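S.K.: Sharing a structure below in structure tokens format, with a few things to ask.
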Amino acid sequence: MTETHRVPVEQGYTDDRGTILPLTHGDANVQMIWSKPGALRANHYHKTDTHTCYLVSGEMMLKSKAEINKVDKKATGKCHEIIFSLSI
């Protein structure tokens, strides 16, 4: 028989750009993000992180800049597409 475990959901964070709800358990780092149209979430970087984004609705543009080789990367996604980005 399979055993089921329930994990409490942490409280999300909301500001004028939208809401981020962490769905984290153990080593997993999963978040649901609702962004308002035109919202900008930026000005930070991850040295070893990757992002996999599945778009439930709408569109998004993901921009990144690799400081090592000064190459700008840009990806756009539409509803029901997956965007995967590597860190520098």
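S.K.: Is it true that Leu40 is at pLDDT 80 or above and surrounded by fewer than 10 Cβ atoms within 10 Å (Cβ to Cβ)? Break it down into steps so the answer makes sense when it comes.
M.R.: Details: at pLDDT 80 or above: yes; surrounded by fewer than 10 Cβ atoms within 10 Å (Cβ to Cβ): yes.
So Leu40 passes the test.
S.K.: Hey, can you tell me all the residues within region 1-60 that are closer than 20 Å to Gly77 by Cα, β-branched (Val, Ile, Thr) and in contact (Cβ under 8 Å) with a residue 12 or more places away in the chain?
M.R.: Thr19, Ile20, Ile33, Thr50, Thr52, Val56
S.K.: Sticking with this one: Can you work out which of the residues in region 55-88 that are surrounded by fewer than 11 Cβ atoms within 10 Å (Cβ to Cβ), out of contact with any Ser or Thr (no Cβ under 8 Å at 6 or more places or on another chain) and closer than 28 Å to Asp27 by Cβ is modelled with the highest pLDDT?
M.R.: Val56
S.K.: Run down Thr14, Thr19 and say which single residue is exposed (fewer than 12 other Cβ atoms within 10 Å of the Cβ), modelled with pLDDT of 80 or more and assigned to a strand (DSSP E or B). I'd like the intermediate steps shown before the answer.
M.R.: Details: Thr19 fails: exposed (fewer than 12 other Cβ atoms within 10 Å of the Cβ).
None of the other options fit; the residue is Thr14.
S.K.: Filter region 22-37 down to residues that are surrounded by 10 or more Cβ atoms within 10 Å (Cβ to Cβ) and part of a loop (DSSP other than H, G, I, E, B) and give me whichever is modelled with the highest pLDDT.
M.R.: The initial filter retains those residues of region 22-37 that are surrounded by 10 or more Cβ atoms within 10 Å (Cβ to Cβ), namely 22-25, 29-36.
Now narrow it down to the ones that are part of a loop (DSSP other than H, G, I, E, B): 23-24, 29-30, 36.
On the way: Leu23: 83, Thr24: 76, Asn29: 76, Val30: 82, Lys36: 90.
Checking each candidate, the answer is Lys36.
The values are calculated or read from the model by the stated rules, or taken from the named source; none is laboratory data. In this text, all values refer to a predicted model and were calculated from it rather than measured experimentally. Cβ atoms come from the backbone with ideal geometry, glycine included; neighbour counts cover every protein chain shown.
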